[in-house]
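A short write-up of the structure that comes next.
The values are calculated or read from the model by the stated rules, or taken from the named source; none is laboratory data. Because the structure is predicted, anything quoted here is derived from the model rather than measured. Cβ coordinates were reconstructed from backbone atoms using ideal geometry, including for glycine residues, and neighbour counts include every protein chain displayed.
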Amino acid sequence: MIQMEQHIERDETMEHLVDKARSLVENLESGNLYDTHKLLGDIYAARERKLYEEVGKLTRGLHDALMDFHIDAGIGEEAQEEISKISDASDRLGYVIKMTDDAANLTMDKVDEAVPIADEIRSTSKDLNEDWKRFKRRELTPEEFRNLYQRVGDYLDGTEVRAERMQNSLNDILMAQGYQDLTGQVIKRVITLVKEVENSLVELVRMASSVEKIAGINAETGDSVEPQEVALAGPNVHGEKNVTVVSGQDEVDDLLSSLGF
Amino acid sequence: MKILIVDDFSTMRRIIKNLLRDLGFTNTDEADDGLTGLPMLQKGNYDFLVTDWNMPGMTGLDLLKAVRADERLKNLPILMVTAEAKREQIIEAAQAGVSGYVVKPFTAATLKEKIEKIFERIAA
């Protein structure tokens with residue numbers, strides 16, 4: 001849609017220029033210097049106006065994109081208040097780091113709580129099992145049996161409490177995964193903004209070149225600058241698509257063993 | 001066995017610390033980049049270094065090079081645990097003298113296997 005409008009507008013500009021040029025030629029041939037200069041001025045002014053219009057449009061577009069990003073959080077009610085405080089993309093990404101950090105730490109706290117409980121259950125079961133086997137082989141004295149009887153009762157009571165505590169930990173771990181939803185939404189918003197800004201910049205380059213063409217300016221064809229390679233590539237987000245990148249530990253091991261490791 | 005864990009993300013340090021604890025290594029310290037890690041190594045009598053690569057201040061690769069260049073530390077076994085997965089990077093780390101390379105995300109089994117392999121090689 002936007003592209004179509006651009007073409008129509010440009011055609012109008014061209015028609016306008018052609019009209020002016022015709023009058024210019026007519027005035028030149030009839031030796032009317034006053035109108036000739038006036039027409040040249042008009043043509044020049046039209047060219048400048050067009051440039052300002054295009055740049056103005058683009059500035060507005062960029063501004064709107066940034067404003068939209070700021071205002072329209074579009075996240076669930078609960079998070080709305082939290083999000084509305086976030087005023088720019090880096091804050092948003094900072095929020096993602098915080099959310100993932102909190103979730104990771106909460107999960108590890110809960111694991112730290114649950115692991116000793118499982119250990120307790122295992123070691124108590126092991127002790128009881130040894131005496132239980134002796135009981136089945138009828139090796140227990142009456143005194144030992146009374147002791148075992150008591151311990152089994154304690155174990156059953158204790159296990160009920162422990163299982164409940166483990167269940168709570170597991171539920172908390174489950175709930176902590178909610179960060180994925182919230183951070184995912186924030187990241188999607190940032191991706192959308194980046195794409196909008198990219199499109200706007202591409203459009204600016206396109207407009208600039210078309211204005212240059214209309215204005216008859218020769219764009220300097222300097223050496224195209226190679227994007228500077230980032231020193232560190234970070235996590236392999238593209239999976240196996242890229243042959244310069246290993247897709248997992250197996251390939252790391254293969255590569256290292258080929259180097260004599 | 002005294003181990004230093006260097007990573008700029010505290011959660012990753014904690015994960016590695018927990019995995020090491022499960023493997024029976026309870027004497028661990030943490031640093032958040034090479035700049036804080038290197039002085040600890042120079043003073044601390046560490047037996048093993050686990051480091052990330054991409055960190056602010058001083059990267060894991062620079063830390064690796066600094067350790068290999070230090071007369072007293074040069075034989076310290078170093079395991080790199082990093083998200084850097086480019087072949088040329090792995091080769092660079094190998095050339096700089098890394099003892100093992102684990103790419104994130106990793107499993108407890110992988111970390112265990114690499115650590116054991118490093119100690120086997122030292123013992124051999």
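Numbers at a glance
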quantity	calculated
Breaking point among (1) over 29 Å from A:Ser258 (Cα atoms); (2) touching a Gly at 6+ places or on another chain (Cβ under 9 Å), for B:Pro39	(2)
Selection within the range B:34-63 - among the charged types (D, E, K, R) and free of Cβ contacts under 8 Å to residues at least 12 places away in the same chain	B:Lys43
Leading residue by the ranking (farthest from A:Arg146 (Cα to Cα)) among those in the range A:97-132 that are more than 13 Å from chain B (Cβ to nearest Cβ) and of a type in the set (A, V, I, L, M)	A:Ile117
Any chance A:Ala163 is small (Gly, Ala, Ser) and within 14 Å of chain B (Cβ to nearest Cβ)	no
Failed item, numbered, when B:Ile90 is tested on (1) more than 20 Å from A:Thr244 (Cβ to Cβ); (2) at the interface with chain A (Cβ under 10 Å from one of its Cβ atoms); (3) buried (at least 21 other Cβ atoms within 10 Å of the Cβ)	(1)
A:Ser224 vs. criteria modelled with pLDDT of 85 or more and either surrounded by 10 or more Cβ atoms within 10 Å (Cβ to Cβ) or more than 8 Å from chain B (Cβ to nearest Cβ) (or both)	no
Count of residues meeting criterion [in a helix (DSSP H, G or I) and more than 13 Å from chain A (Cβ to nearest Cβ)] in the range B:1-28	1
Residue within the range A:115-135 that is closer than 28 Å to A:Thr100 by Cα and in contact (Cβ under 8 Å) with a residue 24 or more places away in the chain present	yes
Qualifying residue in the range A:40-54 (condition: assigned to a helix (DSSP H, G or I), at pLDDT 85 or above and under 19 Å from the mean Cα position of the chain (by Cα))	no
Residues of the range A:1-39 that turn out to be at pLDDT 80 or above and within 21 Å of A:Glu203 (Cβ to Cβ), as a count	0
Every residue from the range B:68-121 that is modelled with pLDDT of 90 or more, over 14 Å from the mean Cα position of the chain (by Cα) and in a loop (DSSP other than H, G, I, E, B)	B:Asp70, B:Glu71, B:Arg72
The range B:111-124, residues that are of a type outside the set (A, V, I, L, M, F, W, C) and within 11 Å of chain A (Cβ to nearest Cβ)	B:Glu113, B:Lys114, B:Lys117, B:Arg121
Some residue of the range B:38-50 being within 13 Å of chain A (Cβ to nearest Cβ) and within 21 Å of B:Ile115 (Cα to Cα)	no
Residue that is away from chain A (no Cβ under 14 Å), within 24 Å of A:Asn105 (Cα to Cα) and in contact (Cβ under 8 Å) with a residue 12 or more places away in the chain, where the choices are B:Ala31, B:Ala108, B:Ala83, B:Ala66	B:Ala31
